[in-house]
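**Q** This structure is in structure tokens; I'll ask about it shortly.
The values are calculated or read from the model by the stated rules, or taken from the named source; none is laboratory data. Keep in mind that what you see is a predicted model, and the values were worked out from it rather than measured. Virtual Cβ from ideal backbone geometry, glycine too; neighbours counted across all protein chains shown. Calculation scope for accessible area: heavy atoms of the full protein, side chains included, ligands and nucleic acids excluded. Shrake-Rupley method; radii C 1.70, N 1.55, O 1.52, S 1.80 Å.
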Amino acid sequence: QVQLVESGGGLVQAGGSLRLSCAASGSIFSITALFWHRQAPGKQRYLVAAITSGGNTNYVDSVKGRFAISKDDAKNTVYLQKNSQKPEDTAVYFCNADVALGLMGDDEEYWGQGTQDTVSS
């Protein structure tokens, strides 16, 4: 079993910065990819940023140039640095990982419980 635990959410003023962390633990052979999603009240959850095991990254257009995803393989942790935040960035942020539990077999998908990030105007 694998657990993902997010931290770092909170309240920040528009224009401010915040860094989210998500630590994975458990029976991890390797992590194929890590993702950050967000869900605003009354809206659907969607993918914000992704990073592969090789370090390739991708972002939704609305956060490009403001957010940065990174990872620490030694700690099995993924980060989301959020700069120049806007009120529309307010959401619950979820991390998600594609994890290989062994050398053979398919990856399994795991989710964290989410962390609230509120940006005031």
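**Q** Quick check on segment 92-121: of everything there that is over 16 Å from the mean Cα position of the chain (by Cα) and outside any strand (DSSP E or B), which residue is nearest to Ser17 (Cα to Cα)?
**A** In the first step, residues of segment 92-121 are kept if they are over 16 Å from the mean Cα position of the chain (by Cα); the result is 100-108, 119-121.
Now narrow it down to the ones that are outside any strand (DSSP E or B): 101-107, 121.
Details: Leu101: 35, Gly102: 37, Leu103: 39, Met104: 41, Gly105: 40, Asp106: 37, Asp107: 33, Ser121: 14 Å.
My answer is Ser121.
**Q** Between a residue in segment 98-109 that is without any contact (Cβ under 8 Å) to a residue 60 or more places away in the chain and any residue that is polar (S, T, N, Q), which pairs come within a Cβ distance under 8 Å, given they are 6 or more apart or on different chains?
**A** Once the first residue is without any contact (Cβ under 8 Å) to a residue 60 or more places away in the chain and sits in segment 98-109, its partners that are polar (S, T, N, Q) give Glu109/Asn96.
**Q** What number goes with the only condition from (1) closer than 17 Å to Tyr110 by Cα; (2) in contact (Cβ under 8 Å) with a residue 60 or more places away in the chain that Lys82 does not pass?
**A** Result: Lys82 fails condition (1) only.
**Q** Residues in segment 65-79 that are of a type outside the set (D, E, K, R) and within 17 Å of Trp111 (Cα to Cα): how many?
**A** So the answer is 5.
**Q** Specify the residue that is farthest from Val78 (Cα to Cα); the eligible residues are those in segment 9-24 that are open to solvent by less than 40 Å² (accessible area, probe 1.4 Å) and under 11 Å from the mean Cα position of the chain (by Cα).
**A** So, considering only residues that are open to solvent by less than 40 Å² (accessible area, probe 1.4 Å) and under 11 Å from the mean Cα position of the chain (by Cα), the one farthest from Val78 (Cα to Cα) is Leu20.
**Q** Looking only at segment 78-91, how many residues end up being surrounded by 18 or more Cβ atoms within 10 Å (Cβ to Cβ) and either hydrophobic (A, V, I, L, M, F, W, C) or in a helix (DSSP H, G or I) (or both)?
**A** 4
**Q** May I pose another question? Does segment 99-110 include one or more residues that are among the small types (Gly, Ala, Ser) and either modelled with pLDDT of 95 or more or closer than 19 Å to Gly8 by Cβ (or both)?
**A** no
**Q** Here's another thing I want to ask about it. How many residues are hydrophobic (A, V, I, L, M, F, W, C), at pLDDT below 95 and either assigned to a helix (DSSP H, G or I) or surrounded by fewer than 14 Cβ atoms within 10 Å (Cβ to Cβ) (or both) if we restrict to segment 25-73?
**A** Qualifying residue count, segment 25-73: 1.
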